[in-house]
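Asks: Here's a structure for you.
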């Protein structure tokens with residue numbers, strides 16, 4: 001479950017960092033419970049449809065024009081939409 005962070009003060013972060021550095025300098029380098037436990041990670045996998053959409057969104061106008069010229073209907077619709085927006 002995720003919960004948003006409402007606010008963080010820079011002073012609190014700086015103080016925590018200083019405390020950590022001071023305690024690390026005073027104690028010998030021994031593994032602690034927090035350093036030996038693994039941090040959970042999340043993996044995100046995009047569907048083929050989402051991957052195709054990301055690819056289309058990152059195309060340059062030149063690529064779109066080239067695809068439209070070769071018969072790509074989606075590229076043709078996008079070019080028509082862009083031309084209509086520029087005509088306004």
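Asks: Restricting region 54-88 to residues that are surrounded by 13 or more Cβ atoms within 10 Å (Cβ to Cβ) and assigned to a loop (DSSP other than H, G, I, E, B), which is nearest to the chain's Cα centre (by Cα)?
Replies: 59
Asks: Now for a different question. For region 39-53, what are the residues that are assigned to a helix (DSSP H, G or I) and at pLDDT 90 or above?
Replies: Taking region 39-53 as the starting set, the residues that turn out to be assigned to a helix (DSSP H, G or I) are 48-53.
Across region 39-53, the qualifying residues are 48, 49, 50, 51.
The values are calculated or read from the model by the stated rules, or taken from the named source; none is laboratory data. Just so it is clear, the model here is predicted, and its values are computed rather than measured. Backbone-built Cβ (ideal geometry, glycine too); neighbour counts: all protein chains shown.
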